[in-house]
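*Asks:* Please find one structure pasted underneath; my questions will follow.
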Amino acid sequence: MVNLVAVTGGIGAGKSTVLAALDRRGQRTLDSDAVVHRLYRPGSPLCAALAARWGVEILDGDGAVNRAAVAAKVFADAGELEWLNRLVHPAVKAEIRGQAAAAGSLLFCAIPLLFEVGWETEALCTLAVWCDRRTQRERLRRRGWNAAEIERREAAQLSMDDKLERADFAVINHGGRERLDEQIARILQRIAPLPPPSGAR
C-alpha cells in the first residue's frame with residue numbers, strides 16, 4: 001500500500017490523539033479498531049462466527065459483538081486469541097487496503113498490532129506513538145482498567161519501547177498539544193518525499 005502510513009503504539013500511548021492531530025492538518029486517517037467495530041455489526045459474518053464458537057452471550061442486546069466479552073475470552077486464553085486473530089485480521093487488512101486505494105493521498109491508519117502481525121512491510125512507513133509509563137497507567141485507569149487488566153493486555157503485544165525501536169518515525173505523546181503538533185509537522189515534511197515500499201501493490 002504505497003500511500004499507507006501505519007501508526008502504532010502501546011495501549012494508552014495516544015494513537016487516537018495523534019490521529020486527531022493529523023485530522024486537524026487535513027490528513028486522511030483511519031482507525032483499525034473502528035474497522036473491527038464495523039465488522040462486528042449485527043448479522044455480519046464475523047458476528048455469526050464468534051457466536052458459533054462462544055455462544056450468543058458474546059453478543060450485546062442489539063446483536064452486535066460485545067467487545068468487552070470478547071476481550072475477557074481471548075486475554076485469558078492464548079489459543080482463543082490466536083483463533084480470533086486468524087479470523088479478524090484478514091478482514092481488517094482487506095478493509096484498510098480498500099480505503100488506502102480509494103484515498104488518493106496519504107492514509108494514516110492506527111494499527112495497534114502492526115509489528116506483531118507483520119503488516120509493517122506493506123506500509124510506506126511506520127510511526128510509533130510513545131509515552132512514559134506513568135502517563136500510560138493514568139490514562140488506562142481512567143478507562144476503568146485495573147492493574148490485572150492492564151497486564152493481561154500488555155502481555156498480548158510488544159512493549160511501547162520495542163515498537164518505538166522498530167518504527168521509522170516516533171511521536172512522544174506526554175506533552176501538550178503544541179508539542180504534539182510540532183512533532184506531527186516535522187514528520188509530515190519528512191514523509192512527503194518518501195519512495196513507495198519495495199514490492200508495494
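The values are calculated or read from the model by the stated rules, or taken from the named source; none is laboratory data. These numbers come from a predicted model, not from an experiment. Cβ coordinates were reconstructed from backbone atoms using ideal geometry, including for glycine residues, and neighbour counts include every protein chain displayed.
*Asks:* Of all residues being surrounded by fewer than 18 Cβ atoms within 10 Å (Cβ to Cβ) and out of contact with any strand residue (DSSP E or B) (no Cβ under 7 Å at 6 or more places or on another chain) in region 17-32, which is nearest to Leu140 (Cα to Cα)? Just the residue, please.
*Replies:* Out of the qualifying residues, it is Thr17.
*Asks:* Inside region 96-152, can you point out the residues that are over 21 Å from Arg24 (Cβ atoms), surrounded by 22 or more Cβ atoms within 10 Å (Cβ to Cβ) and of a type in the set (Phe, Trp, Tyr)?
*Replies:* Trp119
*Asks:* Hey, another quick one. If a residue must be surrounded by 13 or more Cβ atoms within 10 Å (Cβ to Cβ) and over 17 Å from Asn85 (Cβ atoms), how many such residues does region 49-68 contain?
*Replies:* Of the residues in that region, 6 qualify.
*Asks:* Considering only residues that are in contact with a helix residue (DSSP H, G or I) (Cβ under 9 Å, 6 or more places away or on another chain) and modelled with pLDDT under 90, look in region 178-201 and name the one that is nearest to Thr135 (Cα to Cα).
*Replies:* Checking each candidate, the answer is Pro197.
*Asks:* Given region 1-86, what helices (runs of 4 or more DSSP H) lie entirely inside it while holding 3 or more residues that are among the hydrophobic types (A, V, I, L, M, F, W, C) and closer than 21 Å to Cys109 by Cα?
*Replies:* Result: 15-24, 32-39.
*Asks:* Which residue is modelled with the highest pLDDT, if the candidates are limited to region 122-141 and must be assigned to a helix (DSSP H, G or I) and either of a type in the set (Phe, Trp, Tyr) or farther than 10 Å from Gly12 by Cα (or both)?
*Replies:* Applying the filter and picking the extreme gives Arg134.
*Asks:* Separate question: So which residues in region 146-164 are within 24 Å of Glu82 (Cβ to Cβ), outside any helix (DSSP H, G or I) and at pLDDT 90 or above?
*Replies:* Once the filter is applied, which keeps residues that are within 24 Å of Glu82 (Cβ to Cβ), outside any helix (DSSP H, G or I) and at pLDDT 90 or above, region 146-164 yields Gln157, Leu158, Ser159.
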